[in-house]
Amino acid sequence: MSQPPANLLLISFDQWRGDWADPFVPAVELPALQSLAKRSVVARRCYTSSPQCVPARMSWLTGLAPSQMGVTRNTIAEAPTDAPSLFRKLQIRGWYTELIGKTHWTNHRYPTDLRKTQDRIKALGFNTVMEIAGPKALQHVRCALTDDWEKEGWMDLYIKDLRRRYRDDQGRQAWTVRPSVLPDELYPDLWLTERALEALQRMPTQQPWLLWVSFVGPHEPFDTPTKWNNRQPHKTPDAVMTADWYAQLPVHCELQLAHQRWRGKLTAQEIESCRQDYANHLQLLDCQLQRLLDALAARGDACQTAIAVTSDHG
């Protein structure tokens with residue numbers, strides 16, 4: 001008698017550095033990730049297809065390199081409904097598939113409502129979709145989360161805070177660390193966890209399923225809620241210094257342009273403040289990972305459910 005196909009709980013993060021996620025040499029204490037790693041296969045040298053969100057996430061979907069897709073930087077890109085899709089392949093084979101969180105497979109740069117592109121995401125292989133945008137885009141991209149902000153009276157305050165942070169694009173205000181103006185239950189990653197817990201309860205029992213929980217952190221802004229700010233500073237890893245070979249890059253090379261754009265922009269103290277907040281956000285996310293693992297363990301099909309944890313890039 002053949003074994004039934006395994007379910008898959010896919011948990012992803014946005015901009016979680018690989019060298020801060022190694023569960024065997026953790027940058028900060030991450031008990032959920034470390035415990036899971038002890039009974040898992042860990043790819044310690046798994047490299048992203050791109051250091052930028054859009055091409056990296058398009059690769060997740062299609063299995064293609066950014067150069068094959070013609071999407072090599074963060075730009076406006078719409079995944080074609082007939083694009084190759086790893087998720088559609090599972091769906092065709094009988095899996096129930098659900099997505100909660102961020103894909104970035106459609107335009108997040110201009111005002112829109114992600115429910116308008118829901119049919120596109122479904123065509124790529126999902127039965128059910130509840131998509132949200134990243135923290136910066138949420139000031140002009142509408143979704144179920146912003147509905148809750150508006151209903152509870154927080155939308156205007158959030159937009160005001162984002163505009164203050166990014167009024168001069170990526171100036172010093174963008175990297176100033178201060179807690180989110182949102183209550184904890186409406187903070188994007190914490191709100192996503194609640195929706196994911198609800199989804200885990202409704203996963204089918206008569207067919208294999210895939211649930212993708214796509215967190216939007218630890219992406220900037222540096223606004224980890226006060227509850228997660230440690231009183232004792234983290235002992236963060238030493239910063240990786242700029243290599244000498246950067247100076248040899250062509251003038252119009254994208255990496256060279258980014259290097260020059262950021263050169264000398266922040267003081268060492270400002271950078272360390274960002275790193276401390278980043279570490280706090282990692283611990284917030286690790287706690288959410290544990291909540292999802294606990295909810296999965298309560299299901300009757302937990303023993304036939306694989307768990308995958310990854311990040312788009314760092």
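Those residues that are over 27 Å from W262 (Cβ atoms), part of a helix (DSSP H, G or I), open to solvent by 10 Å² or more (accessible area, probe 1.4 Å) and not hydrophobic (A, V, I, L, M, F, W, C), I need them from the stretch 157-195; list them, please.
Selection gives D184, E185, E194, R195.
Return a yes/no flag: does the stretch 69-80 have any residue that is under 23 Å from Q118 (Cβ atoms) and not in a loop (DSSP other than H, G, I, E, B).
Yes, some residue in the stretch 69-80 is under 23 Å from Q118 (Cβ atoms) and not in a loop (DSSP other than H, G, I, E, B).
For the stretch 45-59, give me each residue that is out of contact with any strand residue (DSSP E or B) (no Cβ under 8 Å at 6 or more places or on another chain) and surrounded by 12 or more Cβ atoms within 10 Å (Cβ to Cβ).
Residues satisfying the conditions are S49, S50, P51, Q52, C53, V54, P55, A56, R57, M58, S59.
Can you find a residue in the stretch 65-77 that is surrounded by fewer than 20 Cβ atoms within 10 Å (Cβ to Cβ), touching a residue at least 40 places away in the same chain (Cβ under 8 Å) and within 18 Å of the chain's Cα centre (by Cα)?
yes
Output the number of residues of the stretch 196-235 satisfying the condition of being open to solvent by 10 Å² or more (accessible area, probe 1.4 Å), within 15 Å of the chain's Cα centre (by Cα) and under 21 Å from I307 (Cβ atoms).
0
Could you check how many residues of the stretch 86-110 are closer than 24 Å to R202 by Cα, open to solvent by less than 70 Å² (accessible area, probe 1.4 Å) and under 19 Å from the mean Cα position of the chain (by Cα)?
8
So, of the residues in the stretch 267-290 that are open to solvent by 20 Å² or more (accessible area, probe 1.4 Å) and under 17 Å from the mean Cα position of the chain (by Cα), which turns out to be nearest to R172 (Cα to Cα)?
Taking the candidates together, the pick is Y278.
Scan the stretch 292-313 for residues that are closer than 24 Å to H104 by Cβ, surrounded by fewer than 17 Cβ atoms within 10 Å (Cβ to Cβ) and either β-branched (V, I, T) or in contact with a helix residue (DSSP H, G or I) (Cβ under 7 Å, 6 or more places away or on another chain) (or both) and report the count.
Residues that pass the stated criteria total 1.
Counting only residues that are part of a helix (DSSP H, G or I) and basic (K, R), which one in the stretch 1-59 is nearest to C274 (Cα to Cα)?
The selected residue is R57.
Looking only at residues that are in contact with a helix residue (DSSP H, G or I) (Cβ under 8 Å, 6 or more places away or on another chain) and open to solvent by 50 Å² or more (accessible area, probe 1.4 Å) in the stretch 252-266, which one is modelled with the lowest pLDDT?
L255
Has the stretch 132-145 got at least one residue that is free of Cβ contacts under 8 Å to residues at least 12 places away in the same chain and among the charged types (D, E, K, R)?
Checked the stretch 132-145: no residue is free of Cβ contacts under 8 Å to residues at least 12 places away in the same chain and among the charged types (D, E, K, R).
The values are calculated or read from the model by the stated rules, or taken from the named source; none is laboratory data. Predicted model, so just to flag it, every value in this text is computed and none were measured. Virtual Cβ from ideal backbone geometry, glycine too; neighbours counted across all protein chains shown. Keep in mind that these areas ignore ligands, DNA and RNA; they rest on the heavy atoms of the full protein, side chains included. Shrake-Rupley method; radii C 1.70, N 1.55, O 1.52, S 1.80 Å.
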